[in-house]
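The values are calculated or read from the model by the stated rules, or taken from the named source; none is laboratory data. This structure is a prediction, so every number in the text was calculated from the model and none was measured. Positions of Cβ are backbone-derived with ideal geometry, glycine not excepted, and every protein chain shown enters the neighbour counts.
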Amino acid sequence: MIRSLPLAVLTQDNMKPNVLHMIDSFEQGGSERQALQLVRQLHESGRSGVRLACLQNKGSLRREADRLGLGEIPEYPLTSFYDRNFVRQLRRLARFLKENEIDAIHTHDFYTNIFGMTAAALARVRARVAYKGETDGFRTSAQKRLERGAFRLAHRVVANSDAVRSQLIREGLPAEKVVRHYNGLDLKRVAVQSGATRNDILEMLALPERRLVTIVANLQHPVKDHPTFLRAAARVCAEVPDVAFVIAGEGKLREGLRELAAQMGLEREVFFIGRCEKVAELLSVSDVCALSSTAEGFSNAILEYMAAARPVVVTDVGGAREAVIEGETGYIVSARDDRQMAERMIELLRDPERAREMGKRGSSIVEEKFSCERHLTNTLGLYSELLGRKSNADVNEKVGPTALGVPTPVGSSCQNPER
C-alpha cells in the first residue's frame, strides 16, 4: 500500500515538485480524456506544478487544455521511432525537462511511453511513470517489445485494471514495478442539464421515440467489434418491437459498418450519430448500454454507462469483471457471441423495472470505487513514494533507440483506441 505523503516535503528543496504529463493528441479518446481530467485535478489541488506536452497538437480537447492555464504546451511530432527526427525530438524533450526542472514525468499511452520514458531517462528525471491501458489485440509483437524496453526505463507502470497488471507481470515486468490504478470518472460528465426532457433530448440527437440500446466506442479499430453488436441488434429486432440501436463514435470503419447494417436490413433501426458531445444526454435516454469489444484494458465507456445508472451488457474482456457485477449491474457475455448478447439485451428490455434497479446499483458502485477523487489520491501517493526515495538506482539507465530494441514506423496516427 502506497502511503500518501505531503508532496511539498518530498523534493530536496522542500518545494512543490514539477510534473510533466505527456499525451498523444487532443482527440476525444479515452486515454486523452483521462489524462486531462487528472491534469486538471492535480493543477487544482495545488500539490504540484503541472505541465502538459503532446505528440500531435490536434483535437477538440485542446480548448479544454488551454482553459487550464498551464502555459506553453510543447509538441513533439514523430514519424518513426528509428529516424533522425526521433533523435532530434528526444533531445528537445530532454532539454525541456532539464530547463523546466521537471521532477516527474507521467506518460499516458503506447507512443508517449516510448518517447517520454526514453527522453526522461536521458534527462535523469527522478520519477518516471508509464501507463498501460490495453490487453492483447492492439499491438504487434514488435510494438510490444518496444514498449517493454520503455517500461524498463520507468520507475513505475500504472495499469488501469488487474487484468492489465496481470498481463504485464506475465510478460516479464517485476510485480513491484506495476501498480493498478483504476480510471476515475468525473460524475459531472454524465449529469444532464436540468430542465431537459426526454423528448427534448431525442429531438436534439435526431433519435426516434423508441427504446434505445446504445454503444459508445470509436469506429477506428476492429477490436471494438461493432459487427457483433449489429448481429445482436438484428436478433433483438426480431423479438422486441419499437427498439432502436445507437452507435456513437467516429472513425474509418463507419462506412463499412453502415453497409453491413444495410445488408442486415437495419437501416431504420440503427442510428450512427458520430462523435457525441452530449454523452450525458444520450445515456439518459438509453434503456440498455453495450460493449462488444474483443479486447480492452479497462473500458471508460462501462464506467460512464454505470455512472449514468444504465444497465449494461458487455463482453468478458479486460477489466470488465472488475466493474460489472453479473446479474446485479448488468450482464457479462462472451466476446463475439451475438446470440448471448441479444438474449441479455432482450431480458433487460422486457423487464424495465429490473433494468432500472441494475442501473441504480451500478451508479452507486462507480461513486464508491471509481471516482476521480480516488484516482487523484492514488496518483499523489505514487508521486510521493517515488519522489521520497533517495535514489532511483533500481532502473537500468541504458537509453536511446538501441535500448528499446526494435525499430518500427509510427504511422500517420498515434491515437490509442482505448475506449
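What to note about this one:
- Breaking point among (1) assigned to a helix (DSSP H, G or I); (2) at pLDDT 95 or above; (3) out of contact with any Phe, Trp or Tyr (no Cβ under 8 Å at 6 or more places or on another chain); (4) closer than 23 Å to LEU386 by Cα, for VAL87: (4)
- Just one residue in the set VAL223, VAL179, VAL216 is under 20 Å from the mean Cα position of the chain (by Cα) and in the same structural domain as ALA130 (by TED's automatic domain parsing); that residue is VAL179.
- Failed item in (1) touching a strand residue (DSSP E or B) at 6+ places or on another chain (Cβ under 6 Å); (2) of a type in the set (D, E, K, R); (3) farther than 19 Å from GLY297 by Cα; (4) part of a helix (DSSP H, G or I), with ARG165 passing the rest: (3)
- All of (1) buried (at least 18 other Cβ atoms within 10 Å of the Cβ); (2) touching an Asp or Glu at 6+ places or on another chain (Cβ under 6 Å); (3) within 26 Å of LYS188 (Cβ to Cβ) hold for GLY274 with one exception: (1).
- Between ARG310, ARG374, the distinction of being surrounded by fewer than 21 Cβ atoms within 10 Å (Cβ to Cβ) and either closer than 19 Å to SER292 by Cβ or within 18 Å of the chain's Cα centre (by Cα) (or both) belongs to ARG374 only.
- Extreme residue, surrounded by the fewest Cβ atoms within 10 Å (Cβ to Cβ), among residues of the range 215-258 that are more than 23 Å from ARG350 (Cβ to Cβ) and free of Cβ contacts under 8 Å to residues at least 12 places away in the same chain: GLU255
- Subset of the range 259-276 [touching a helix residue (DSSP H, G or I) at 6+ places or on another chain (Cβ under 8 Å) and free of Cβ contacts under 8 Å to residues at least 24 places away in the same chain]: GLU267
- Test result for ALA301, over 23 Å from ASP109 (Cα atoms), touching a helix residue (DSSP H, G or I) at 6+ places or on another chain (Cβ under 8 Å) and either of a type in the set (S, T, N, Q) or surrounded by 24 or more Cβ atoms within 10 Å (Cβ to Cβ) (or both): no
- Residue satisfying all of: in the range 305-332; of a type in the set (D, E, K, R) and not in a strand (DSSP E or B); nearest to PRO352 (Cα to Cα) among these: ARG310
- Residue count for the range 333-379, restricted to those that are part of a helix (DSSP H, G or I), among the polar types (S, T, N, Q) and closer than 19 Å to ALA191 by Cα: 2
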